[in-house]
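The values are calculated or read from the model by the stated rules, or taken from the named source; none is laboratory data. Only a predicted model underlies this, so the values are computations on that prediction, with no experimental measurement involved. Heads up, the Cβs are rebuilt from the backbone with ideal geometry, glycines too, and the neighbour counts pull from every protein chain shown.
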Amino acid sequence: MSNVNGKPVARAADNGFVFDMRSLSRQPGSYRDETRTATAPEGIRAGLAEVPQGAEVALDLRFEAVSEGVLVTGSALAPLGGECSRCLDPLTSKLEVGIQELYRYLPEPGVDDEDGEERFLDGERLDLEPAFRDAVVLALPLSPLCRDDCPGLCPDCGVRLADAGPDHGHGDNLDPRWGALRQLDVSDNRVEDRQES
């Protein structure tokens, strides 16, 4: 257990998102590029799309020391899983997100740091998982599709329209509440008469 902002915090599990910043030695202008594979944490989900827990996440990052802390910029490529929002078939894809986050050095004692929006280094360790999680959740599609032209399911019988073909139909089985509309004469010329007057 470590101490961040005067509060005890459990160290993050070593899933590849924790980085040692000692090599930057707090010298503004020094930087380090790093590429590594991390393991996706649980609970990264929005609607019908998710990054599966335990999946490999490719990280390509630059850590740059600035006077306030360490600026992290880069990208993460993660697998995307879930269900198509139209036909409910399983889908798999890739999701790439950009990451840019400033991790501040611990504030001086007595300085109010209750902003909540800032991230802090844990000693010389930088935990990128919360920034990764925020970036991915914002980028997850709300209505993922197995393909752009997915026709979805038949509203009457529930069969996949992609499998049923273009001739799929249920005849003139109209809702009886709409039956009175069949008696309307749509060839009425009253609209044309009004335009001529």
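Kindly indicate the residue of the stretch 132-141 that is part of a helix (DSSP H, G or I) and either modelled with pLDDT under 90 or touching a strand residue (DSSP E or B) at 6+ places or on another chain (Cβ under 9 Å) (or both) and also surrounded by the fewest Cβ atoms within 10 Å (Cβ to Cβ) among those meeting that condition. Step through it out loud before you land on a result.
We begin by selecting, within the stretch 132-141, every residue part of a helix (DSSP H, G or I); these are 132-139.
Remaining after also requiring either modelled with pLDDT under 90 or touching a strand residue (DSSP E or B) at 6+ places or on another chain (Cβ under 9 Å) (or both): 132, 134-139.
Numbers: PHE132: 23, ASP134: 14, ALA135: 19, VAL136: 24, VAL137: 16, LEU138: 9, ALA139: 17.
Per the criteria, the residue is LEU138.
Can you find even one residue in the stretch 49-67 that is under 15 Å from GLU124 (Cβ atoms) and either touching a helix residue (DSSP H, G or I) at 6+ places or on another chain (Cβ under 6 Å) or modelled with pLDDT under 90 (or both)? Full working, then the answer.
Here is the first cut: in the stretch 49-67, the ones under 15 Å from GLU124 (Cβ atoms) are 63, 65.
Pick out the ones that are also either touching a helix residue (DSSP H, G or I) at 6+ places or on another chain (Cβ under 6 Å) or modelled with pLDDT under 90 (or both) and you get 65.
Yes - at least one qualifying residue is present in the stretch 49-67.
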Please name all residue pairs, on different chains or six or more residues apart, with Cβ atoms under 6 Å, provided the first residue is in the stretch 50-77 and is surrounded by 15 or more Cβ atoms within 10 Å (Cβ to Cβ) and the second residue is of a type in the set (A, V, I, L, M) and part of a loop (DSSP other than H, G, I, E, B).
VAL51/ALA40; VAL51/ILE44; ALA55/ALA40; VAL57/ALA40; VAL70/MET21
Among residues of the stretch 19-56, those that are of a type in the set (A, V, I, L, M, F, W, C), part of a loop (DSSP other than H, G, I, E, B) and over 14 Å from the mean Cα position of the chain (by Cα), counted:
2
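So which of GLU129, GLU117 ends up being assigned by TED's automatic domain parsing to the domain that holds ILE99 and either on the phi > 0 side of the Ramachandran plot or modelled with pLDDT under 85 (or both)? Show your work before the answer.
Numbers: GLU129 fails: either on the phi > 0 side of the Ramachandran plot or modelled with pLDDT under 85 (or both).
None of the other options fit; the residue is GLU117.
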